[in-house]
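Here's the structure we're looking at; comments come further down.
The values are calculated or read from the model by the stated rules, or taken from the named source; none is laboratory data. Everything numeric here is computed off the predicted structure, so don't read it as measured data. Cβ placement follows ideal geometry from the backbone for every residue including glycine, while neighbour counts extend to all protein chains displayed. Ligands, DNA and RNA are excluded from the accessible area calculation, which covers all protein heavy atoms including side chains. Shrake-Rupley method; radii C 1.70, N 1.55, O 1.52, S 1.80 Å.
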Amino acid sequence: MAENIQSDKVMMGESGASNSNEISQAQTMESNITKKRRKRSIVWDHFTEIITSEGSTKAKCDYCFIEYVFKTKDGFQSAPGGIQGDVVVVTWKFEQEECRKALCRMVIVDELPFSFVEKEGYRDFMKVSQPYFRIPSRSTVTRDCFDLLNEEKQKLKRFFIETKQRVCITTDTWTSIQRINYMCITSHWIDSEWNMHKRIINFCPIVSHKGEDMANGIGRFLCEWGINKIFTVTVDNASSNDVTVKELSKQLTKMGTNLMNGTHLHVRCMAHIMNLVVQDGLKESSVSIERVRHAVRYVRQSPARLKRFQECFDAEQLNSKKTLCLDVPTRWNSTYLMLRRAIEFECAFSHYASSEIGLRHYLEHSYIDIGIPTGELLSSDWDNVKRITKFLEIFYLLTLKISGSCYVTSNIHFLEICAVAVYLKQLIANEDIVLSEMAKNMKEKFDKYWGDLGKMNKIIFISCILDPRYKIESVGFALVKIFGVDPGATIQAEVTKYMTSLFSEYVKSSSKGVVLASSSDCSSLDTSTSGLSGSQASTQNIGLLESLMQDIKKYKSGSGGVDTRTELDKYLGEETEDDTKEFDVLLWWKLNSARFPILAEMARDILAVPVSSVASECAFSTGGRLLDSFRSSLTPKLVQALVCLQDWLRNEKLKQPISVEEDLDKIEQLEQERFVANNTKSLIRKNHFGYPTEMQYLEDLLELQDEKLTSTMREQQQRALEFWELH
């Protein structure tokens with residue numbers, strides 16, 4: 001918005017005038033009068049230049065009427081002390097390369113096909129929004145994705161090499177629609193600022209599911225990334241994973257980075273174990289669940305039945321925008337969601353069954369098993385279903401809690417196990433026969449994995465101890481609850497011994513680093529200070545002084561003048577913190593790491609342990625969406641680039657875990673509000689021209705609010721279902 005001043009001739013008077021006085025006056029003003037050149041920037045289509053009472057020049061917005069200070073070179077800047085805060089409008093420069101990078105990121109994050117850039121609609125949009133942008137072809141966008149992959153990979157690889165970060169990994173395998181076996185490796189760690197991180201570092205084909213082949217593949221990929229310090233490996237309960245972890249432990253031992261000889265390397269996925277436990281409980285599921293399942297299936301089988309069910313739903317004046325969902329019998333979480341939704345429609349089902357003979361006929365002639373008819377859906381069935389749903393809700397919420405990857409889960413792992421064990425014991429003694437039988441079956445599977453200390457990783461106890469809210473007292477109490485007084489005390493002693501040994505390994509590693517650093521400094525001083533005197537020679541005496549100070553410390557410790565307790569002893573000797581919802585275990589360690597430097601280093605590794613492999617399994621949902629029936633020709637190399645880049649780019653922005661259910665509720669609310677708002681005007685217009693009564697108008701308005709979910713919401717629900725199918 002340059003404000004160039006130029007002199008222009010201004011002729012005063014009318015043409016043809018012969019008055020000499022007027023001509024003289026015009027000639028006098030010719031040299032004195034100037035005018036501003038017309039402002040050609042499009043900014044001035046929305047701003048007006050004004051002069052304030054103080055005599056300064058400002059630009060006033062034509063819409064919000066806020067005044068801005070502007071300069072000819074620096075653009076616009078909000079006036080000091082403005083209510084709206086600092087606002088800067090600067091000259092924008094179009095850059096083709098930056099737009100290409102942004103387009104590449106959009107294709108990756110939003111999972112768009114590469115042919116999107118060649119679609120007619122997108123090209124028309126870009127002609128309007130930015131005509132200068134030269135839209136690349138699908139081949140060019142593909143090359144940009146590979147370039148971005150190499151760029152981001154080098155950044156992450158440089159971080160691992162420079163920091164020598166010890167990481168925890170989760171891994172799992174998946175078979176795509178192309179019948180190609182993929183393996184996903186996800187790294188988890190806590191950085192020096194005590195922030196939790198998760199990155200997919202590998203998503204590529206494997207030759208087989210054999211343990212030896214998978215271990216060799218994992219070792220090769222870790223070397224490629226410059227990672228040789230692995231703390232734990234979290235996998236599901238497949239037998240091949242046992243062999244994988246053993247072979248990987250041997251490789252780490254050869255590299256000299258296998259802590260405690262790999263005793264705690266293998267972590268079993270808690271989500272998978274919980275799935276097996278609940279599945280065993282549902283094997284002897286009651287007839288009530290089968291009746292509800294058959295009723296839901298019958299209603300969903302045709303649009304006419306759904307419409308009739310909706311009429312029954314409206315007749316009962318139930319205020320809900322949800323619809324029925326059918327479960328997958330082999331996935332207990334989907335059974336829980338089906339039952340929870342069906343309970344909300346209990347009155348509608350009763351109304352439908354009383355008015356439609358087809359449902360009763362279907363239930364009477366369908367079979368749960370060979371020779372076992374389903375039978376009519378009774379009120380007692382709804383009572384049983386409500387109790388079972390309340391029972392399953394505990395495990396559903398627990399699975400959600402331990403499936404996170406952006407927050408610490410290992411510190412509550414053991415306490416959650418203890419809570420489940422106590423709850424199952426209570427249900428076994430319950431008078432409800434159905435729940436009691438379910439609890440017995442679940443307790444048998446529970447004891448298979450968590451009833452034997454030999455099969456339990458001691459890290460799950462230590463991670464709880466390193467939470468300052470719990471420490472050793474809470475762990476000891478929980479052990480007694482599960483195993484009894486004497487076995488619990490024995491296990492507590494073994495855990496304390498193992499924790500002390502692990503802490504000693506970190507002490508050795510820390511002292512070794514100090515010794516190496518000091519020795520290298522001394523050797524360099526020996527070669528560089530020979531023949532010198534003064535300040536350089538005096539530096540060589542630092543090593544001698546340190547040796548003397550160590551002898552003094554030993555003397556004081558022998559005479560009782562120095563506190564000989566280790567950091568671990570001091571930490572365990574302090575009082576526990578208050579257990580509040582606002583407590584952040586990572587923040588506590590960040591603030592207290594100066595007091596416990598070595599123990600804090602151990603806590604960083606242990607608290608980063610993921611107790612489930614859901615982080616790797618979620619990548620398979622992304623792979624499934626990328627490799628659908630319309631995009632099954634993507635090469636494995638390109639699939640890896642898209643999956644890894646999407647994870648890296650999203651983790652750059654997201655600091656909190658995504659809640660699928662919360663997102664669905666927000667989307668549903670926004671969509672319904674927008675739908676009603678867009679149609680209210682038409683209803684008002686209709687009321688003005690033809691509604692006989694206001695009541696009829698309100699009835700139509702309520703019908704708008706009860707419309708079905710939009711396509712966007714159905715897509716979000718489908719993604720949520722895909723996520724839960726992984727369990």
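Here are some notes:
- LEU156 being touching a residue at least 40 places away in the same chain (Cβ under 8 Å) and touching a Leu at 6+ places or on another chain (Cβ under 6 Å): no
- Any hit, region 319-329, residues being outside any loop (DSSP other than H, G, I, E, B) and either of a type in the set (S, T, N, Q) or open to solvent by less than 20 Å² (accessible area, probe 1.4 Å) (or both): no
- Taking region 354-378 as the range and being hydrophobic (A, V, I, L, M, F, W, C) and out of contact with any helix residue (DSSP H, G or I) (no Cβ under 9 Å at 6 or more places or on another chain) as the test, the residues that pass are ILE357, ILE370.
- In region 435-454, the qualifying residues are those that are in contact (Cβ under 8 Å) with a residue 40 or more places away in the chain and out of contact with any Asp or Glu (no Cβ under 8 Å at 6 or more places or on another chain), and the one that is farthest from ASP569 (Cα to Cα) is LEU435.
- Flag for LEU259 being of a type in the set (A, V, I, L, M, F, W, C), open to solvent by less than 10 Å² (accessible area, probe 1.4 Å) and farther than 30 Å from TYR367 by Cα: no
- Tally of residues being in a helix (DSSP H, G or I) and open to solvent by less than 40 Å² (accessible area, probe 1.4 Å) across region 423-442: 8
- Filter pass, GLU346 being without any contact (Cβ under 8 Å) to a residue 40 or more places away in the chain, open to solvent by 40 Å² or more (accessible area, probe 1.4 Å), in contact with a strand residue (DSSP E or B) (Cβ under 9 Å, 6 or more places away or on another chain) and over 21 Å from PRO303 (Cβ atoms): no
- Count - residues of region 476-490 that are out of contact with any Pro (no Cβ under 9 Å at 6 or more places or on another chain), open to solvent by less than 30 Å² (accessible area, probe 1.4 Å), modelled with pLDDT of 90 or more and within 27 Å of LYS440 (Cβ to Cβ): 1
- Pairs with Cβ under 9 Å, 6+ apart, first in region 184-210 and open to solvent by 50 Å² or more (accessible area, probe 1.4 Å), second part of a strand (DSSP E or B) and among the β-branched types (Val, Ile, Thr): HIS209/THR173
- Against the list (1) farther than 17 Å from VAL287 by Cα; (2) free of Cβ contacts under 8 Å to residues at least 12 places away in the same chain, the condition GLU356 fails is (2).
Conditions (1) modelled with pLDDT under 95; (2) in a helix (DSSP H, G or I); (3) within 21 Å of the chain's Cα centre (by Cα); (4) polar (S, T, N, Q), marked per residue:
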| site | (1), (2), (3), (4) |
| --- | --- |
| LYS127 | yes, yes, no, no |
| ARG134 | yes, no, no, no |
| LEU148 | yes, yes, no, no |
| GLU162 | yes, yes, no, no |
| GLN165 | yes, no, no, yes |
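- HIS413, sole failed condition from (1) modelled with pLDDT of 85 or more; (2) surrounded by 16 or more Cβ atoms within 10 Å (Cβ to Cβ); (3) farther than 16 Å from VAL287 by Cβ; (4) in contact with a Phe, Trp or Tyr (Cβ under 8 Å, 6 or more places away or on another chain): (4)
- Tally of residues being closer than 13 Å to SER192 by Cα and open to solvent by 100 Å² or more (accessible area, probe 1.4 Å) across region 578-596: 1
- Flag if ARG179 is open to solvent by 70 Å² or more (accessible area, probe 1.4 Å), closer than 30 Å to VAL235 by Cβ, of a type in the set (Lys, Arg) and without any contact (Cβ under 8 Å) to a residue 12 or more places away in the chain: yes
- Among the residues of region 443-459, those identified as buried (at least 17 other Cβ atoms within 10 Å of the Cβ), within 19 Å of GLN426 (Cα to Cα) and either of a type in the set (D, E, K, R) or at pLDDT 90 or above (or both) are LYS443, LYS445.
- Per the listing GLY404, GLY375, the residue uniquely within 19 Å of SER463 (Cα to Cα) and either small (Gly, Ala, Ser) or open to solvent by less than 80 Å² (accessible area, probe 1.4 Å) (or both) is GLY404.
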